[in-house]
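The values are calculated or read from the model by the stated rules, or taken from the named source; none is laboratory data. Keep in mind that what you see is a predicted model, and the values were worked out from it rather than measured. Here the Cβ positions follow ideal geometry from the backbone for every residue, glycine too, while neighbour counts run over all protein chains shown. With ligands, DNA and RNA removed, areas are computed over all heavy atoms of the protein, side chains included. Shrake-Rupley method; radii C 1.70, N 1.55, O 1.52, S 1.80 Å.
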Amino acid sequence: MSDIKAPGDIDRLTQAVLDQVQGDSARVNELLSALITHLHAFVREARPTPQEWRYGLDFLARAGAFCTPERHEFILLSDLVGLSALVDALNNAGPDAMTPTTVEGPFHNPAPPRELGAIIATGSEWERGGWTVLHGRVLDTHGAPVPGARIDVWQSDDRGFYDVQDDAQDTGNLRGLFTADADGAYWVRTVRPSSYPVPVDGAGGELLRAMNRHPMRPAHIHTQVLAPGYRPLTTHLFVAGDQYLDSDAAWGVRDGLVLEFTRNSEAADIERFDVPGPFFDVCFDFVLVAED
Ligand SMILES: [Fe+2]
């Protein structure tokens with residue numbers, strides 16, 4: 001039989017649980033205590049019935065059942081309710097000159113190292129068009145180049161699919177790990193990404209349907225830039241004009257990350273970038289912040 005019989009006992013329940021949080025790590029204790037405090041506050045406020053509470057627990061179990069080495073349903077859930085964006089924003093504040101960071105998303109996998117300028121779209125995307133050249137430099141906040149910075153690029157194809165979602169794509173398609181040259185310069189040949197729906201066949205889809213919310217993400221290229229002595233930079237480059245920029249399902253859009261994919265028909269540029277014809281020209285400098 002429960003010891004909790006009277007309202008006064010219930011009032012003491014939260015503190016009684018918190019008193020039992022006595023692990024060896026002060027930080028773990030802090031995190032667990034805050035979590036328990038806020039979860040108890042949620043129950044006191046929303047007063048879920050036992051059936052509703054069980055539904056919530058079963059929902060988490062369903063989310064777990066959808067996870068595979070290639071698919072992390074809890075990252076998706078975190079993205080969809082803005083928690084990934086909040087964690088990112090609170091941990092990656094920096095000077096105005098810094099490239100804004102945003103969520104990593106659930107599709108980051110190890111990328112094959114590639115030479116500067118390599119074509120990362122190795123499948124039939126090429127025949128469907130949308131040639132794109134992404135180029136620029138990696139700089140510090142004073143405008144000095146960061147030679148040798150590692151630039152990890154991953155994106156969906158022109159129909160909105162990542163390699164891990166699409167049996168028609170080879171593993172590593174539309175992914176590449178590049179190394180900036182002595183001037184911090186980089187360039188990548190790819191295809192213009194497309195807006196796409198996040199997976200809706202799992203718990204994430206169940207959540208979106210409960211909110212009557214669309215699953216679309218505006219078209220983007222993911223990047224992660226790493227260099228010794230600098231804070232890691234994980235971000236997206238969004239395609240200006242996309243209809244979902246104001247309603248990103250993952251809350252990832254930031255000022256300064258929406259780029260014009262400018263149509264370039266200059267013969268000299270077509271020759272310089274070794275593309276077969278007019279292409280989308282995207283110039284972007286990544287600005288890293290030195291570690292303290
Ligand atoms: Fe994405």
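Assorted remarks:
- Selection within segment 80-94 - over 16 Å from VAL253 (Cβ atoms) and open to solvent by less than 60 Å² (accessible area, probe 1.4 Å): GLY94
- Sole residue being more than 12 Å from the ligand (Cβ to nearest atom), closer than 14 Å to PHE284 by Cα and within 16 Å of the chain's Cα centre (by Cα), chosen from VAL188, VAL258: VAL258
- Filter pass, ALA203 being open to solvent by less than 30 Å² (accessible area, probe 1.4 Å), under 21 Å from PHE286 (Cβ atoms) and more than 16 Å from the ligand (Cβ to nearest atom): no
- Of residues in segment 207-226 being among the hydrophobic types (A, V, I, L, M, F, W, C) and surrounded by 23 or more Cβ atoms within 10 Å (Cβ to Cβ), the one farthest from LEU57 (Cα to Cα): VAL225
- Only one of the listed residues (VAL87, VAL138) is within 24 Å of LEU288 (Cβ to Cβ), modelled with pLDDT of 95 or more and within 17 Å of the chain's Cα centre (by Cα). That residue is VAL87.
- So ARG62, is it touching a residue at least 60 places away in the same chain (Cβ under 8 Å), touching a Pro at 6+ places or on another chain (Cβ under 9 Å) and not β-branched (Val, Ile, Thr): no
- Selection count, segment 174-185, where residues are away from the ligand (no atom under 16 Å from the Cβ), surrounded by 19 or more Cβ atoms within 10 Å (Cβ to Cβ) and not aliphatic (A, V, I, L, M): 2
- Residue match in segment 150-173 (condition: of a type in the set (Val, Ile, Thr), over 20 Å from the mean Cα position of the chain (by Cα) and either surrounded by fewer than 17 Cβ atoms within 10 Å (Cβ to Cβ) or modelled with pLDDT under 95 (or both)): no
- Contact map, segment 32-43: first residue of a type in the set (Val, Ile, Thr), second residue open to solvent by less than 80 Å² (accessible area, probe 1.4 Å) and in a helix (DSSP H, G or I), Cβ cut-off under 8 Å, separation 6 or more or different chains; pairs are ILE36/THR14; ILE36/VAL17; ILE36/LEU18; THR37/THR14; THR37/LEU18.
- Just one of (1) assigned to a helix (DSSP H, G or I); (2) without any contact (Cβ under 8 Å) to a residue 60 or more places away in the chain; (3) within 29 Å of GLU206 (Cα to Cα) fails for PRO48. It is (1).
- Residue-level check: of (1) open to solvent by 20 Å² or more (accessible area, probe 1.4 Å); (2) out of contact with any helix residue (DSSP H, G or I) (no Cβ under 9 Å at 6 or more places or on another chain), THR99 misses just (1).
- One residue stands out among those in segment 217-242 that are within 16 Å of the ligand (Cβ to nearest atom) and outside any strand (DSSP E or B): the one that is farthest from GLY160 (Cα to Cα), which is ASP242.
- Pairing residues of segment 225-236 that are among the charged types (D, E, K, R) with residues that are in a loop (DSSP other than H, G, I, E, B), at Cβ distances under 6 Å and at least 6 apart in sequence or on separate chains, gives ARG231/VAL289; ARG231/GLU291.
- Restricting GLY256, GLY252, GLY277 to residues that are of a type in the set (Gly, Ala, Ser) and in contact with a Ser or Thr (Cβ under 6 Å, 6 or more places away or on another chain) narrows the list to GLY252.
- The set of residues in segment 119-128 being open to solvent by 20 Å² or more (accessible area, probe 1.4 Å) and either under 14 Å from TRP187 (Cα atoms) or not in a helix (DSSP H, G or I) (or both) consists of ILE119, THR122, GLY123, SER124.
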